[in-house]
Amino acid sequence: MSTILLYNKNQVKTVGSIDDVEEGNNAWIDVIDPDEKELDNLARKFDLNHEAIQTCSNKSKKPEIRQLGNHTFTVIVDMKNKNPETLQVEAIYFFLGRNWLITIHSSEVNLEELVERLFKIKDETIKQTNIDALYYNILAEIVTKYEQLLTALELSVNEYQRRSFIRPLPEIFESIDILSRQTITLRRQFWHARKIINFILHTEKDKEDVKYIEMVYDDISQLIDFVESYEGTINSIRELYVAKVSLQINDTMRVLTIFTAILLPLTLLAGIYGMNGIDLTNITMIPVGFFVVMITMACISIGLILFFIKKRWILVGGKNAEQEQTHGIDHQ
């Protein structure tokens, strides 16, 4: 399916044919989900580069710009949030000639609505200039749509930051990881878009119509700065999440330790009273083996306490710790 729009200084025709391109009109040809036959027809009619057509057939999503003889080939991506956790990336292929512009993309991208809006807002400006102005304006509008992605990203970052403070859950960590991958994708695509804009500004600087895209370079540079700052914030949220989980584990271990400390003396008493051959009702008849066991237990306890003190695991005073730290600094 394709849309052909023909225009000049006097009129705009929304219904035209490819043959009308040679009648002195500027022509915008929008092709949606073309098959191999349609691509071949376009290539023959406008003498399009074979490698560029092959790039369209392979549905490459790597942004690039190339000057190919009688036309310029550009690939830029349209991005939108399919849902809060899915970033949909679609490639748009531009073939810019002397008085014609061909755009090829999937049905997920609606360029027709975008161009109609451009003609309503900048009707006389676009009509009285050559086809380059339309090309530059479409690129500018695509970059402008990137700002919506950053707005959604900022809202998601604030939401996950709030939820991490309340109660960290495994699904939050997974969502943060997805959000981190999205920021990497956005940053990479923004970089590619800035390279394309920079290429146009340097190679087409003599053209008057390039003014429509001069401000876009500053905008995309600002978007890159924003997405890099959000990436740092996401990393901070991830660290906050890990710290919060560690605190939860510490609280759990503290509760378990308290229960263990309460039950340990009870277990000791139950073990002593449960020893065979001991009649606690007649204390004078306690066998010698009982005292041997008690002395052995006392020696083991004292030995472990001395070992822990030597390792400085217990009974470490503030003064001793300060002396040890000073000794370590002097040693260094």
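The values are calculated or read from the model by the stated rules, or taken from the named source; none is laboratory data. On a predicted model such as this, the values are computed, not experimentally measured, just so you know. So basically every Cβ, Gly included, is an ideal-geometry build from the backbone, and we count neighbours across all protein chains shown.
So if I check each of Ile172, Ile197, Ile166, Ile176, which one is under 25 Å from Thr74 (Cβ atoms) and assigned by TED's automatic domain parsing to the domain that holds Ala91? Before the answer, list the steps.
Values: Ile172 fails: under 25 Å from Thr74 (Cβ atoms); Ile166 fails: under 25 Å from Thr74 (Cβ atoms); Ile176 fails: under 25 Å from Thr74 (Cβ atoms).
Matching residue, one of Ile172, Ile197, Ile166, Ile176: Ile197.
Candidates Ile184, Ile197: the one that is more than 30 Å from Arg162 (Cα to Cα) and modelled with pLDDT of 75 or more is Ile197.
Taking the options Asn130, Asn110, name whichever one is under 32 Å from the mean Cα position of the chain (by Cα), under 27 Å from Ala52 (Cβ atoms) and of a type in the set (S, T, N, Q). Break it down stepwise before answering.
On the way: Asn130 fails: under 32 Å from the mean Cα position of the chain (by Cα).
Result of the check over Asn130, Asn110: Asn110.
The range 1-115 holds strands (runs of 3 or more DSSP E) entirely within its bounds, and those carrying 3 or more residues that are free of Cβ contacts under 8 Å to residues at least 24 places away in the same chain map to 71-83.
Taking into account only those residues within the range 230-260 that are of a type in the set (Val, Ile, Thr) and without any contact (Cβ under 8 Å) to a residue 60 or more places away in the chain, which is farthest from Leu150 (Cα to Cα)? Steps first, please.
Going residue by residue through the range 230-260, those that are of a type in the set (Val, Ile, Thr) are 233-234, 237, 242, 245, 249, 252, 255, 257-258, 260.
After this cut, where a residue has to be without any contact (Cβ under 8 Å) to a residue 60 or more places away in the chain as well, the list is 242, 249, 252, 255, 257-258, 260.
Numbers: Val242: 25, Ile249: 35, Thr252: 39, Val255: 43, Thr257: 47, Ile258: 48, Thr260: 51 Å.
Only one residue fits best here, namely Thr260.
When Lys205 is tested against the conditions (1) of a type in the set (D, E, K, R); (2) outside any helix (DSSP H, G or I); (3) modelled with pLDDT of 80 or more, the lone failure is (3). Within the range 165-197, being buried (at least 20 other Cβ atoms within 10 Å of the Cβ), closer than 18 Å to Glu231 by Cα and in contact with a Leu (Cβ under 8 Å, 6 or more places away or on another chain) holds for Leu179, Gln182, Thr183, Leu186, Phe190. Scanning the range 108-128 for residues that are modelled with pLDDT of 70 or more, surrounded by fewer than 17 Cβ atoms within 10 Å (Cβ to Cβ), among the basic types (Lys, Arg) and over 23 Å from Val77 (Cα atoms) yields a count of 1. Suppose the filter is in contact with a Ser or Thr (Cβ under 6 Å, 6 or more places away or on another chain), of a type in the set (A, V, I, L, M, F, W, C) and in contact (Cβ under 8 Å) with a residue 60 or more places away in the chain; does Val227 pass it? The answer is yes for Val227.
Do we find that Leu87 is aliphatic (A, V, I, L, M) and closer than 26 Å to Thr203 by Cα in this structure? Break it down stepwise before answering.
On the way: aliphatic (A, V, I, L, M): yes; closer than 26 Å to Thr203 by Cα: no.
No; evaluated as a whole, the condition is false for this residue.
Whether a residue is at pLDDT 80 or above, surrounded by 13 or more Cβ atoms within 10 Å (Cβ to Cβ), in the same structural domain as Lys45 (by TED's automatic domain parsing) and farther than 22 Å from Ile29 by Cα was assessed, and Thr151 does not pass this test.
Looking at the structure I just gave you, is Thr144 out of contact with any Pro (no Cβ under 8 Å at 6 or more places or on another chain) and free of Cβ contacts under 8 Å to residues at least 12 places away in the same chain? Write out each step before concluding.
Values: out of contact with any Pro (no Cβ under 8 Å at 6 or more places or on another chain): yes; free of Cβ contacts under 8 Å to residues at least 12 places away in the same chain: no.
Judged against the criteria, Thr144 is not a match.
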